[in-house]
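For reference, the structure discussed in these notes is given below.
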Amino acid sequence: MEAVASYTPASMSLDPETRLKDTFAAAIATIGGDAAHGMDPAIRPSGKPEFGDFQCNAALGLAKKMGANPRDVAQSLIDAADLSDLCETPVIAGPGFINLTVLPAALQQAMDVMDTEALGVTPDSDPGVVVIDLCGVNVAKQMHVGHLRSTIIGDSLARILTRLGNDVRRENHLGDWGLPIAMVLHELRAAGVDLDAINLTDLDAAYREAQAKAKLDAAGLDAARARHSGPHRIAELEAQNEGASASRAAAAETLVALQGGDEALRHDWQKLIDVTMTAVQDASDKLSVTLGPEHNCGESTYRDDLQPVITHLEEGNFAHVDDGALVVDMPDRERPLLVRKRDGGFLYATTDLAAIRRRTQQTGAIRCIYAVDARQRDHFRDVFDAARIAGWGVNADGHDVELHHAAFGSVLGPDKRPLKTRSGTNATLSSLLDEAIARGTAEVTERSLRASSPTHGLDHTALAAIGRAVGIGAIKYADLSGDAVKDYVFDMDRMVAFEGDTGPYLQYAHARMCSILRKGGEDVSESPWGLEDVTERRLALLLLRYDQVVHAAAASLQPHRIAGYLREIAEAFSAFYQACSVMQAESDDLRRSRLRLCDLVRRVLADGLQLLGIDAPERM
Ligand code: ARG
């Protein structure tokens, strides 16, 4: 042990794989000259334990570029790479592969360093204020699965970035302003509906009614739809059509009055918001996401910022008048971004510009992240470019700002078409969540009937709490485990199963580890590491990657990297548990080392699940 130089986690990765990549990248640069340019160190986990833990395959490509013998190049790389504190003497195999085995002492020491509350996760090197735009429901409309995805993904991104030391602000950019809301307000008032007795289902129906009326003469919108313009842009184009219908004219009048501060309208408008938010709060409570009224930051909160945005764009010559409308030209595309309509009205994009302005110039954000449906890609591309043109790509402190659309795909039904959650049918969002909770609870309750189950004898309340964690964990994992931009099929049977690529599978693996540790019942926090079996080594090496995985998820804004990693951990744990006895280990030291390994795996699993917003019950 003494021979091993100390790791300093802040400056050097704990993860042997990362260290090997860094070391070989430097060695390639040293010996390769020009040929080294753009060369990947090509460090891969070994396919077979007899080849060591890792392989470096870079010598072959480099030799080709240098016109040299690959085995000679491999030897030069080994000579140039200082690995004495990390690996046994590297072995050249076949045409020039380098086999690498991590020194037991180095592995043990790295595991010691990792075994703290932080689990080896280091803070971001440049943390700052990050705004996460999530949920984004529309007032008077039923929350749909897209808003569910936005909430789940946004909440997970917020957790990940918080974990790395950023000051995260969740903002719910409520659709509570503009023509659509004026339409429904007008519709309800015209019909004389009592707004005190209304619920979201009625509101949603009124919304559809209003929209249907407004669409009667909406010619020429097919083109907009074909270009995948978002719902707002389509609504706006509708509003712009010549010869707007009477209902749209009335809605436009209502909007003007609302914007002008008409008392009675304001009062009714607030009612619509309250009704909507009650339903949203109900869904976020069921989901146990961190989202409450304090995160509301609706479109209406920008109403006084819109004119200043326009003035800034005009004064800086960033926008110009085109056929009566104000537009920002995009350098690399034909279609400009419309920021003020001919009739003087503002748009969804204008509000989003005002939001970027506030987030970067007042809140001081260095990252603004939008967890929003992929179908709004064009909208965000235009808005982000316009914001940069306006000078808001740099925040008030002169720090560059990253504007990022964390786009997600659609949730599909069994027919492979976008899942519809509609009021009046049995598939509202809320009923979907209730069903998941009921399925989780049924599964957990049934398992508890077996005398050998760790949940046997728990009371109804305890079982319900576990069942709820399982049902909601199932939904969240299904949402977060795949690449978010891809569509996925909502299949409740598959999602709640304890086997397969599911949330409950990971939760169950965690609960099993808890059982083992309960049986172990001893404090192993200081026990020396054994880690001799190949399955133990593999598990340990995987654990040491945790820091790197969390950072990769944060940098790419892809929670699925964490999900995939946790699944690898659970599988490696299974392999270990099958190959090695824990309680019946050959010696006391070995038993303690293995219990300590179980404990560290359990904590990484729980921590990773927490970053996905998934609870990890101790018994299942
Ligand atoms: N209300 C919008 C919708 O339902 C989503 C809002 C997304 N956030 C934003 N800043 N535009 O499509």
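We did not get these values from a lab; they are worked out from the coordinates using the rules stated. The shown structure was predicted, so the numbers you read here are calculated from the model rather than taken from an experiment. Every residue, glycine as well, gets a Cβ built from its backbone with ideal geometry; the counts of neighbours run over all protein chains shown.
Summary of computed values
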| read-out | value |
| --- | --- |
| Under 11 Å, Cβ to Cβ, from residue 571 - net charge with Lys/Arg +1 and Asp/Glu -1 | 0 |
| Additional length obtainable on full extension of the chain from residue 526 to residue 88, 0.36 nm per residue less Cα span | 155.1 nm |
| Residue pairs, from the table 213/341; 341/476; 416/476; 65/486; 213/271, whose Cα atoms sit over 30 Å apart | 341/476; 65/486 |
| Pairwise label distance in nanometres, residue 311 with residue 274, each label 7 Å out on the Cα-Cβ vector | 3.5 nm |
| Karplus-derived HN-Hα couplings along the range 487-495 (A = 6.51, B = -1.76, C = 1.60, θ = phi - 60°), whole Hz, x at Gly and Pro | 5, 9, 8, 7, 10, 4, 4, 5, 5 |
| The range 434-531: trypsin sites (Lys or Arg not before Pro) in DSSP loop, at most 13 other beta carbons within 10 Å | 450, 486 |
| Square roots of 5 times each gyration tensor eigenvalue, C-alpha, the range 235-358, largest first, Å | 30, 21, 14 |
| Gain on full stretching of the segment that runs from residue 262 to residue 501 - 0.36 nm per residue minus C-alpha separation | 80.7 nm |
| For the chain, size of Cβ-based charge dipole, Lys and Arg +1, Asp and Glu -1, in debye | 1240 debye |
| For the chain: relative contact order, % (alpha-carbon pairs under 8 angstrom, 6 or more apart) | 14 percent |
| Given charges at beta-carbon only (K, R positive; D, E negative), |dipole| of the range 1-156 in Debye | 800 debye |
| Computed over the range 1-119, the ratio Rg/Rh where both radii use C-alpha atoms and Rh is Kirkwood | 1.00 |
| Theoretical FRET efficiency, 1/(1+(r/R0)^6), r = Cβ-Cβ of residue 341 and residue 493, R0 60 Å, to 0.05 | 0.80 |
| Estimated FRET transfer efficiency when R0 is 22 angstrom, pair residue 334-residue 400 (beta carbons, to 0.05) | 0.20 |
| Residue-averaged [θ]222 nm for the chain, counting only DSSP H segments that reach four residues, each worth -39500 (n - 2.57) | -16000 deg cm²/dmol |
| For the chain, share of DSSP beta bridges that run antiparallel, in % to the nearest 5 | 50 percent |
